[in-house]
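Contents: one structure, followed by commentary.
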Amino acid sequence: MADFSDIYDQEQMKEHMQYVLKTDKASHAYIISGEDGSGKEFIARIFAKALQCSDRQEKDGEIEACDLCPSCIKAMSDNHPDIITITHDKPNSIGVDDIRLRLRDDVVIKPYESKYKIYIIPEGEKMTIAAQNALLKTLEEPPSYIIIIILTNNLNAFLPTIISRCIVLPTKPVRDEVIKKYLMENCRVVDYKAELSAAFARGNIGKALELSSNERFENLKNETIDLITKLENLEVHDIMDRVHGLLENPEADEKSTKKGIDIAQYEDFMDILLFFFRDMLVFKASDNVDHLIFTDKVSYISSVTNKCSYDDISSILDNIDIAKNRISSNVNIDLALELMLIGIKEHL
Ligand SMILES: [Zn+2]
């Protein structure tokens, strides 16, 4: 089971939680905010376990749960009567009844065996306004022993009156090198794949984990690079056929505005191109593989940088940027991609 030492790069948040554990001055309500995959629930559960532990210890300068007392054992098996997760019946909203039944009617009952009664509300942004108002009533007059931890990917979904009664703890992006190390040491991901997943995850450790184990992404990456290596010898219609094969969502209907192109797939495709040609710029400047993301494609990268000038590679990167801008301002996606790939071909 995880402890504070397993939370990476969230110094401000950890500092606050450590202060609470040292002084036993907990607030009644917290909001942990951050995108999906940033580890909000993971952090909340470590905090809750430590708050309830009856024998906290100092390890490497941090207050940690003991992991041995009856409270810790129950927390670790997700079976603690005083750590309650608020679930909801409808998948897309947390309604007033969910909050009334599982929280408001429950807070009046004292903790069964611990000092606190801790409620964790995942996907807090799904609370309806009525649900938030019901929650507000509890936040206005909280029983002394309760701590509510709301998790959310969107702070804007909350009433200002809720936010003003909570301590907001935002998650921060984790550094690439920390993610890479984590993937290699804890998940046995190979070096180049860890590098690549970390670069694409943009500080989101959950996304990095998913990418490193995701076959779809691995295929897309390999096919995209294969397309680039063959670009010189392909005609425009062959290029576009391959692009469609890569990006089309087979389940999309014919009339869909993006013509069946899978948006997530398209975004990853553009990122792969950007990172790939950025690698070429880095390699040309440094002649060193240490800073590359696509360390498994060094021979191709070096062959391109031998024959292409800085201007060529810069122009290719410009082409990719222009296409992204065109598509985000609703230019026909096919046309924008076609112009981009012809542009790339000219400079290779
Ligand atoms: Zn304990």
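What follows draws every value from the coordinates through simple rules; no lab data is involved. These numbers were taken from a predicted model, which means no experiment stands behind them. No Cβ is skipped: glycine too gets one built from the backbone with ideal geometry, and neighbour counts run over all protein chains shown.
Between ASN288 and SER314, what length in nm is gained on full extension when 0.36 nm per residue of separation is reduced by their alpha carbon distance?
7.5 nm
Calculate the dipole size of the range 4-170 relative to its Cα centre from +1 charges on Lys and Arg beta carbons and -1 charges on Asp and Glu beta carbons; express the result in debye to the nearest 20.
So the magnitude is around 540 debye.
Please identify the longest segment of the chain free of exposed GluC sites (Glu not before Pro), where exposed means a DSSP state other than H, G, I, E or B and no more than 11 other Cβ atoms within 10 Å.
1-234
By how many nm would the segment from LYS137 to LEU281 grow when fully extended, if each residue of separation counts as 0.36 nm and the alpha-carbon distance is taken off?
46.1 nm
Which of TYR30, SER315, LEU183 sits closest to the plus end of the dipole of the chain, meaning its Cα is farthest towards the positive end, when Lys and Arg get +1 and Asp and Glu get -1 on the C-beta?
Projecting each Cα onto the dipole axis, the largest value belongs to TYR30.
How large is log10 of I(q)/I(0) for the range 4-170 at q = 0.12, 0.15, 0.17 Å⁻¹ when the intensity is taken from the Debye formula with one equal scatterer per alpha-carbon?
For the range 4-170, the Cα-only Debye profile gives -0.50, -0.80, -1.04.
Less than 17 Å apart at the alpha-carbon level, and either on another chain or at least 8 residues along: which aspartates and glutamates does that give for LYS59?
ASP3, ASP6, GLU11, GLU15, ASP67
Taking amide H positions as placed 1.01 Å from N in the peptide plane, with prolines and chain starts having none, which residues 5 or more places from MET127, or on another chain, fall under 5 Å of its amide H?
Hits under the 5 Å cutoff: ILE94.
State, as an integer percentage, the relative contact order of the range 91-196 based on alpha-carbon contacts under 8 Å between residues 6 or more apart.
About 26 percent, as a whole number.
Give, rounded to the nearest 20 debye, the magnitude of the charge dipole that the chain has about its Cα centre when Lys and Arg contribute +1 at Cβ and Asp and Glu contribute -1 at Cβ.
Approximately 1200 debye in magnitude.
Near the amide H of TYR119, under 5 Å away, which other amide H atoms are found, from residues 5 or more places off or on another chain, if H is placed in the peptide plane?
Hits under the 5 Å cutoff: ILE84, ILE147, ILE148, ILE149.
Averaged over every viewing direction, what's the projected area of the C-alpha convex hull for the range 214-347? Give it in nm², one decimal, please.
Over all viewing directions, the range 214-347 projects a mean Cα-hull area of 8.2 nm².
Quote the relative contact order of the chain in percent (integer), defining contacts as alpha-carbon pairs under 8 Å separated by 6+ residues.
Dividing the mean separation by the residue count of the chain yields 15 percent.
Label GLU215 and LEU274 with points 7 Å out from Cα along Cα→Cβ: what is the distance between them in nm?
2.9
Using θ = phi - 60° and the Karplus form 6.51 cos²θ - 1.76 cosθ + 1.60, what ³J(HN,Hα) does each residue of the range 287-293 get, whole Hz, x for Gly and Pro?
6, 9, 8, 4, 9, 7, 8
Which entries in the list LYS74/LYS172; LYS49/LYS193; LYS126/LYS193; LYS22/LYS193; LYS110/LYS181 go over 32 Å, if you measure between the two C-alpha atoms of each?
LYS49/LYS193; LYS126/LYS193; LYS22/LYS193; LYS110/LYS181
I need the per residue convex hull volume for the chain, using only the alpha carbons, in cubic angstrom as a whole number.
Here the figure is 166 Å³ per residue.
On full extension of the chain, what length is gained from ASP60 through SER299, given 0.36 nm per residue of separation minus the C-alpha to C-alpha distance?
Roughly 81.6 nm would be gained on extension.
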